[in-house]
Structure formats: structure tokens, C-alpha cells
Amino acid sequence: MASNPPIFIASPVQRCGTTLIQRLLSSSSDTLIFGESVANDVHIYASLYQNKQLMIGGPHNAWRDQQLAQVLEGDVNAWIPDLLPARDAYLASYRKALLDYCDFLQQYVETQGRSGWGCKLPGWPIPQLDYLQGLIPGTKVIYIHRDLEACVVSARSINMCLDEPSTQQFRQMYAFQHAEAERRLQREAVMWIDYKELVEHPDKVIAQLVAFTGIDGIDAGVMAHKIGNYPAT
């Protein structure tokens, strides 16, 4: 992935404009940004790898490799219900699964005659975005945020935030995610976009988006089409 590292698009919560950024980038004939199912796949693969690193990494878990060695030497008279392969190999398999999936996405995009790729996920856990940027060199993150109350109004239009408890939960998630992003997303390869500024000054923000991503041929005409939900069936 060194030649075409991914672009991950995130926001504090839904209804912040991640789909608009996805549409703008995908309007280029050289880029394809996948949606939330693909992003959730990346999230799951990365979560598994992170969790396994926490569970069995570090010198305090050296007993696992010692236990394996004893069993391989024929000593099975111990409590071994969680016997694992050698930790290095075990963790490497999870890392490979994540990177292989990303390689698949890049290769698929290339079969469609494009090179740039990525995916978008509102509410993507901020520590994981930071982790992925450290794991996959060159990864870019686009973080779009919007006025909270505008998000609430938009959420109600698609049957979210229909009562006070769900609205309060939505607001709390926004506050937590936005604070985490401000604290942790400080790498150079992060672009912050204000939804209001994008709507009011599209040419300016799109030019910044082109400069940040290196993606040419973005169609500013996308801004003229307001698309806020799946079509009725």
C-alpha cells in the first residue's frame, strides 16, 4: 500500500457530511471511496489486532510461549485451555489479515482503472484512526464536523433522535468524539473540514481538499445535489 495508502473519512457522529466528502472524492476518475460496510470491516480487523496485542503482548505474557514449549515437549499435565500458537506468529496473522484486506481494496480499485481509495465511517473511534495512521504509513484522515444542533435536526429527518434519551445520547457521543479528535488527531496527515464552511465556500474548501489528498478532477457540481438519505423503495 506504500504507493496508494488509504484515505479514511470520519466525523463525531452521523449527519456531519461524510457522504458529501465521499461523493466529492469519488467524482474524480482516479479515486473510489467506499462506504460504511467496508469501513466497519477495517474497524473490525483493526480492533481484533489491537485487542490481541493488548491481550497477549508484552513481557508479562511470556508465560504463553513457555506453556506452548512445554506442551510441544510432551508435558500436557497443566491447565492449558487457552493454549495459543507462538505469540509473534499469532499476532502477525492478525496484522496480515488487516493489511491483506486493505490490499484487496486497493487492488480492486486498480481493476476499475482508479488508484486512490478509502472509506468513510461517522463516529469512527478516534484512537483507532490514530493507530491506523501509525500502522499504515501515508494514511490520510479527513475529519468533518458540523454544528451539533444542525446534526440533531438532520438526524431527526431520518428517524434518529426521536426522543429525549436518544437525543441526549447523540449529543454526548458528539461531545466525546469531537474532544477526542481535537486531542489525538494532530498528525500532519489529518484534514479538518467545517461542514458550514464547505457549504458556504465550496471552491475554497475543495481546493484545500485537492491539495491535501493530491486527487485531481473533483467535480464541484456535486455540491449542487443534496442527498441526505437512501432512496425510497
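A few remarks follow.
- Meets criteria (at pLDDT 95 or above and loosely packed, with under 11 Cβ neighbours inside 10 Å) for Gly221: yes
- Between Arg146, Arg187, Arg183, the distinction of being surrounded by fewer than 17 Cβ atoms within 10 Å (Cβ to Cβ) and in contact with a strand residue (DSSP E or B) (Cβ under 8 Å, 6 or more places away or on another chain) belongs to Arg187 only.
- Subset of the stretch 114-143 [within 26 Å of Ile227 (Cα to Cα) and either of a type in the set (S, T, N, Q) or exposed (fewer than 12 other Cβ atoms within 10 Å of the Cβ) (or both)]: Ser115
- Pick from the stretch 202-218, criterion assigned to a helix (DSSP H, G or I) and touching a residue at least 60 places away in the same chain (Cβ under 8 Å), ranking: farthest from the chain's Cα centre (by Cα): Ile206
Condition check ((1) charged (D, E, K, R); (2) closer than 29 Å to Gln133 by Cβ; (3) free of Cβ contacts under 8 Å to residues at least 40 places away in the same chain) across all residues:
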| residue | (1), (2), (3) |
| --- | --- |
| Trp63 | no, no, yes |
| Gln66 | no, no, yes |
| Ala78 | no, no, yes |
| Pro85 | no, yes, yes |
| Tyr90 | no, yes, yes |
| Ala97 | no, yes, no |
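- Those helices (runs of 4 or more DSSP H) of the stretch 1-81 in which at least 2 residues are β-branched (Val, Ile, Thr) and either within 19 Å of Arg184 (Cβ to Cβ) or open to solvent by 50 Å² or more (accessible area, probe 1.4 Å) (or both), considering only elements entirely within it, cover 18-26, 36-56.
- Cross-chain or 6+ apart pairs with Cβ under 6 Å, the stretch 130-155 first and more than 20 Å from His43 (Cα to Cα), then of a type in the set (Lys, Arg): Cys151/Arg15; Ser154/Arg15; Ala155/Arg15
- Close Cβ contacts (under 9 Å, 6 or more residues apart or on different chains) running from residues in the stretch 158-176 that are in contact (Cβ under 8 Å) with a residue 24 or more places away in the chain to residues that are among the charged types (D, E, K, R) and in a loop (DSSP other than H, G, I, E, B) comprise Ile158/Arg15; Met160/Arg15.
The values are calculated or read from the model by the stated rules, or taken from the named source; none is laboratory data. As the structure is a prediction and not an experimental result, all values here were calculated from the model. Heads up, the Cβs are rebuilt from the backbone with ideal geometry, glycines too, and the neighbour counts pull from every protein chain shown. We work out accessible area using only protein heavy atoms, side chains counted, and drop any ligands, DNA or RNA first. Shrake-Rupley method; radii C 1.70, N 1.55, O 1.52, S 1.80 Å.
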